[in-house]
Structure formats: C-alpha cells, structure tokens
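Everything below concerns the one structure shown next.
What follows is calculated from the coordinates using simple rules that are stated; it is not laboratory data. In this text the structure is predicted, and so the values were computed from the model without any measurement. Reconstructed Cβ throughout: ideal geometry from the backbone, glycine too, with neighbour counts over all protein chains shown.
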Amino acid sequence: MTKMPKPSEDTKAFFQKVLPRDGRVHVKPMFGQLAGFVNGNMFTGIYGDSVFVRLGEADRTALLEEEGAELFEPMAGRPMKEYVVLPLAWLDEPQRVREWMERALRVGAALPPKEPKAARAKSRRAP
C-alpha cells in the first residue's frame, strides 16, 4: 500500500489563497488533505503538494493537453476521471490556478446538492 502524501504548510496556505471567494464554498479535510466543496460536492482539493480540480469533459480534455497535467489518481489504477491534477509549475501562477478553480466551482455548483450523511450510530452488542 502506498503511503498517502502529506501537503506542506505552504501548499495548504496556497490552496486557501487561490480558493474562490464565494459564500457557497466550504473547505473540509479529505483524506488528511484539504478539499473545497459546493453544495456538498467536492470541486477542488490538494493531494500532497498537488492541486486538483473537477471539470466538465471539454475543459478536462483541454487541461490534459497542458504539460504536467494528469488525471487525479489517488490510488494506483483507480483514477477519479472527472478530476485533473494541475501542473506543478502552475503553483507559481496563482491567477492561472484560480481560473481553473473557478471553472471547477461552476461544475460543482451545477451538480445536484448532496445531502449530508447521517451520523452513524455506535453499534452495541447485546449483553
């Protein structure tokens, strides 16, 4: 099993800085990382020191043509096909990252809202 990468404090700060300023956006921990949600749908996040975004097919195709972009695959052989990892070189271009996050926000906001999961009750064994 591959060890999950941890984001640096710089990556966490960068993510917070470029995240769209929109009252619908909520940041939550996801797999020990940070992710942005709109209406309960994840639209962006960090994985180690990489930033990923959820995109529609046309934007996904265009982004994957950029050098350094790749499908988000947190587990080998199990890509999350709607998500693309932005090129690491773009971390020096916050406005470019912000533009792609805005596109991802529009995709996430267009999805049906997810209902919050009910808290699981602790199971008790019969005496």
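Spin-label pair residue 92-residue 12: with each label point 7 Å from Cα along the Cα-Cβ axis, the two points sit 2.6 nm from one another. Under a 5 Å amide H cut-off, with hydrogens placed 1.01 Å from N, residue 47 pairs with 52 among residues at least 5 apart or on other chains.
Of the trypsin sites (Lys or Arg not before Pro) found in the stretch 1-65, those that fall in a DSSP loop while having at most 14 other beta-carbon atoms within 10 Å are 3, 21, 24.
Evaluated with a Cβ-only charge set (Lys, Arg +1; Asp, Glu -1), the stretch 9-109 carries a dipole of roughly 560 debye about its Cα centre, given to the nearest 20. Beyond 24 Å in Cα-Cα separation lie the following of the pairs 28/81; 17/117; 81/114; 3/117; 3/114: 17/117; 3/117; 3/114. What do you get for GluC sites (Glu not before Pro) in the stretch 59-117 restricted to DSSP loop and a cutoff of at most 16 other Cβ within 10 Å of the site's Cβ? The qualifying sites are 65, 66, 67. Note on 19, 86, 64: ascending count of other Cβ atoms within 10 Å places them as 64, 19, 86, the fewest first.
Ordering 86, 108, 48 by the projection of their Cα atoms onto the charge dipole of the stretch 9-109, which places +1 on the Cβ of Lys and Arg and -1 on the Cβ of Asp and Glu, puts 108 at the extreme positive end. Among the listed options [x] 13.0, 39; [y] 16.7, 56; [z] 16.0, 61, the one matching Rg and Dmax of the Cα atoms in Å as calculated from these coordinates is [z].
Neighbour counting of Cβ atoms within 10 Å sorts the residues 52, 31, fewest neighbours leading, into 31, 52.
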